[in-house]
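Shown next, in structure tokens, is the structure this report addresses.
The values are calculated or read from the model by the stated rules, or taken from the named source; none is laboratory data. Quick caveat: nothing in here was measured; it's all calculated off a predicted structure. Cβ coordinates were reconstructed from backbone atoms using ideal geometry, including for glycine residues, and neighbour counts include every protein chain displayed.
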Amino acid sequence: MTFDISGYTPVGDKKNSAYFDDYRMRIYERRQSSGLEALLGNVSALVIQVDTGDAIPYLAELYFLTPYRFTDSYINETHKIYILSCGDEQPKYIVLEPLAKSFEDDLTRLNMLYPMAREKPNARYIGEIFSTSDLKATRETLESHSIRFHYPHETQNRFIANDHFNFTFPSSLTGNRVGYTQENVFELDELGCGNRFSLSKLEQGVLENAAEAAASLGIEGLILGVDHMATRILAGEREDAILEFLTMSDYYFWGAYNIADQNSSTNVNRNYRVDDDKKSPAKVFTANNIPSFINSFSNLPMPTEDFVRNYGRRMHHIAYEILDGDHPKGEKNIDFVVDSLSQKGIEFLAHVVGECKDEPNLKQIFSKHSQYSILITEYVERCHGYEGFFTKSNVAELTQAAGADERYEHGNVFD
């Protein structure tokens, strides 16, 4: 598709600095002149790690909440690796499970710094894997832009130390990695993930039961795929986090909006090469407008920064698009999906927000965070061709609801 990235004017009412606008354009230009733009393709996989023993329950949870289904499993020196798929044009899910409860790497140590993250020391969204036509050239180019990559001896995680992948160090701004692979991710045996292994009969039974129970809800075909992923970061690091991601990807800054009553902003980055975000999901960063110690003068709500103080800079939620339409049961599809899942014990925060009447609009809802991945699942239904990712009133309600569920009480400060 034709898109003039250099001539695009970002949408939204969040004011960015001259520094941000200057370097945003310089990054676009350097990606083009260095050849990086021509090397990179779509996001080919999302990588999530869970604690030892949590992989199969997490996969079963995904069978209810998402259209992803288990397709393959591998084992290497440190991890079991589970592959899930959702159509040929959408990213894979790669779920990592350490073999030993004692496993520890840099992400474990990062989790242990935060009071509500240390309860699941290895549970974390790790990052996206981008496809590239030349892995060596991609790494050399990004290293010349001061992007730091792991070498095999620098990590205990043998999936990260794979010759077929190149992963960056966890970002000091976001806690996320970015990975790159030259191989076709559908040819999994070529990726050196380890040796194939088969699920036990008990594990197969868990997933078969989950598949049958999910199918009985009648929601198949209504949850379409990953729409966007949202990372929560600190107020003063918002612009740098966006610029860092733009440096490492072929995405562009779509725009940003203030959510004033929640003291936050939502900042969206998209892949201009796809005609559907589900083929290469949007990357969202959410941050306080002012940091907690300054907010202490005005005492506005600040669930975004509270989350960072409690869990660290990390991925907060993964959003899925719901097929727009009126369900035969007499409600919008998103309402039917949520009602059906609620009957199976899936818990949601508050209620579906937004209205879909005669004009373009958006309906959204957050689930409670997963006890296995610490990720929230969001559902989004765009009604009558609505083109955005949120409305201000919707985001304010969702942010408030998530904040109430993510409180940490200690001393005389309750956040």
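Going through ASN16, ASN42, ASN76 one at a time, which residue ends up being of a type outside the set (Phe, Trp, Tyr), touching a Gly at 6+ places or on another chain (Cβ under 7 Å), touching a residue at least 40 places away in the same chain (Cβ under 8 Å) and surrounded by 15 or more Cβ atoms within 10 Å (Cβ to Cβ)? Walk me through it before giving the result.
Details: ASN16 fails: touching a Gly at 6+ places or on another chain (Cβ under 7 Å); ASN42 fails: touching a Gly at 6+ places or on another chain (Cβ under 7 Å).
Matching residue, one of ASN16, ASN42, ASN76: ASN76.
Given the conditions (1) outside any helix (DSSP H, G or I); (2) exposed (fewer than 15 other Cβ atoms within 10 Å of the Cβ), and given that ARG158 satisfies all but one, which numbered condition is not satisfied?
Evaluating ARG158 over (1) outside any helix (DSSP H, G or I); (2) exposed (fewer than 15 other Cβ atoms within 10 Å of the Cβ) leaves (2) as the failure.
When residues of region 111-150 are filtered for being of a type outside the set (Gly, Ala, Ser), surrounded by fewer than 21 Cβ atoms within 10 Å (Cβ to Cβ) and assigned to a helix (DSSP H, G or I), how many remain?
Of the residues in region 111-150, 6 are of a type outside the set (Gly, Ala, Ser), surrounded by fewer than 21 Cβ atoms within 10 Å (Cβ to Cβ) and assigned to a helix (DSSP H, G or I).
Considering only residues that are more than 23 Å from ASN176 (Cβ to Cβ) and over 25 Å from the mean Cα position of the chain (by Cα), which ones fall in region 27-48?
In the first step, residues of region 27-48 are kept if they are more than 23 Å from ASN176 (Cβ to Cβ); the result is 29, 32-33, 35, 38.
Within region 27-48, GLU29, GLN32, SER33, GLY35 qualify.
How do the helices (runs of 4 or more DSSP H) wholly within region 13-86 filter down when requiring 2 or more residues that are at pLDDT 95 or above and within 25 Å of GLY192 (Cβ to Cβ): which remain?
Working: elements: 18-34, 36-39, 55-65.
Once the helices (runs of 4 or more DSSP H) in region 13-86 are filtered for at least 2 residues that are at pLDDT 95 or above and within 25 Å of GLY192 (Cβ to Cβ), what remains is 36-39, 55-65.
Of the residues SER133, SER146, SER172, which single one is at positive phi and modelled with pLDDT of 95 or more?
Checking each option against the conditions leaves just SER146.
Looking only at region 225-258, which residues are over 16 Å from ILE27 (Cβ atoms) and not in a strand (DSSP E or B)? Explain how you work it out, then say what you get.
Residues of region 225-258 that are over 16 Å from ILE27 (Cβ atoms), as a first pass: 225-237, 255-258.
Hits for region 225-258 are LEU234, ALA235, GLY236, GLU237.
State whether the residues of region 385-393 include one that is in contact with a Leu (Cβ under 9 Å, 6 or more places away or on another chain), more than 23 Å from ALA287 (Cβ to Cβ) and at pLDDT 70 or above.
Pass one, region 385-393, residues in contact with a Leu (Cβ under 9 Å, 6 or more places away or on another chain): 386, 388-391.
Right, trim to more than 23 Å from ALA287 (Cβ to Cβ) and you get 386.
Checking which are at pLDDT 70 or above leaves us with 386.
Checked region 385-393: at least one residue is in contact with a Leu (Cβ under 9 Å, 6 or more places away or on another chain), more than 23 Å from ALA287 (Cβ to Cβ) and at pLDDT 70 or above.
Every residue in region 299-354 that is in contact with a Phe, Trp or Tyr (Cβ under 9 Å, 6 or more places away or on another chain) and within 18 Å of ALA117 (Cα to Cα), please.
ASP306, VAL308, ARG309, ASN310, TYR311, GLY312, ARG314, MET315, HIS316, HIS317, ILE318
Report every pair of residues separated by at least 6 positions or lying on different chains whose Cβ atoms are under 9 Å apart, first residue within region 96-119 and over 28 Å from PHE70 (Cβ atoms), second outside any loop (DSSP other than H, G, I, E, B) and among the aliphatic types (A, V, I, L, M).
From region 96-119, the pairs are TYR114/VAL308.
What number of residues within region 177-217 are over 23 Å from the mean Cα position of the chain (by Cα), assigned to a loop (DSSP other than H, G, I, E, B) and closer than 19 Å to LYS80 by Cα?
Of the residues in that region, 7 qualify.
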